[in-house]
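Values quoted throughout were computed directly from the atomic coordinates according to the rules given, and no laboratory measurement underlies them. Bear in mind the structure is a predicted one, so any value in this text is a computation, not a measurement. Cβ atoms come from the backbone with ideal geometry, glycine included; neighbour counts cover every protein chain shown.
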Amino acid sequence: MIMKKFIAYPIAIAVCLAVGYLSSLLQVEALRDWYPTLVKSPATPPNMVFPIVWTILYILMGLSLGECFRTDNMRAILPWILQLAVNFLWTLLFFRLRDPMLGMVALVLLIILTIWYISTASRTSTWAGWIMIPYLLWLLFATYLNWYVYNYN
């Protein structure tokens, strides 16, 4: 039983990294043809920063979910799945459909879902909640970047 609970950590991390990898595949064309033509915020990091940051964030997300499994916090699973799904949806809306306005809507929903998840996860493990704070902060920054693209293009 204990071993099964600890297996949840690498499985959850692998799921997050797989979603991130699939998202990256869906961005290739837009990153080549569309994104470079956009007016972007002066605060936009260099392109090489994004895969590094997202890899770290996906690992943290997986660790947080693994902690929820370890502490039997099954109530946190639904908001975690929903936030990961909307995270993926943002890629489709922003990069595949090339629609920054729909991207903004997805980001606002994603922030709400992430706060719900953090609140729910923290009920059994403060660590599971706190480890998601860098992700939430990145989402707020991404919302600013998305807003800038929406307003200036």
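Annotations
- Estimated at 0.36 nm per residue, the fully extended path between Ile11 and Trp138 surpasses their Cα-Cα distance by 43.4 nm.
- Projecting the Cα atoms of Thr124, Leu38, Leu110 onto the charge dipole of the chain, computed from C-beta unit charges around the Cα centre, puts Thr124 farthest toward the positive end.
- Each residue of segment 67-82 was assigned a 3J(HN,Hα) from its phi angle through the Karplus expression (A = 6.51, B = -1.76, C = 1.60, θ = phi - 60°), giving 5, 5, 5, 4, 9, 6, 8, 6, 5, 7, 5, 4, x, 5, 4, 5 Hz with x at Gly and Pro.
- Furthest towards positive pole of dipole, Cys68, Ser23, Thr91, structure part the chain, Cβ charges: Cys68
- Sorting the segments 12-20, 29-37 by their mean number of nearby beta carbons within 10 angstrom, highest to lowest, gives 12-20, 29-37.
- Helix axis angle, 133-152 relative to the chain longest principal axis, alpha carbon, degrees: 20 degrees
- Rounded to the nearest 20, the size of the Cβ-charge dipole of segment 64-153 about its Cα centre is 60 debye, with Lys and Arg at +1 and Asp and Glu at -1.
- At R0 = 25 Å, FRET efficiency that the Cβ-Cβ distance of Asp33 and Trp147 yields, to 0.05: 0.65
- Working note: Karplus 6.51/-1.76/1.60 with θ = phi - 60° gives segment 33-41 the couplings 9, 10, 4, x, 7, 7, 7, 10, 4 Hz, where Gly and Pro are set to x.
- Distances between placed amide hydrogens fall under 5 Å for Thr124 paired with no residue 5 or more residues away or on another chain.
- Think of each Lys and Arg Cβ as +1 and each Asp and Glu Cβ as -1; about the Cα centre, that makes the dipole of the chain roughly 240 debye.
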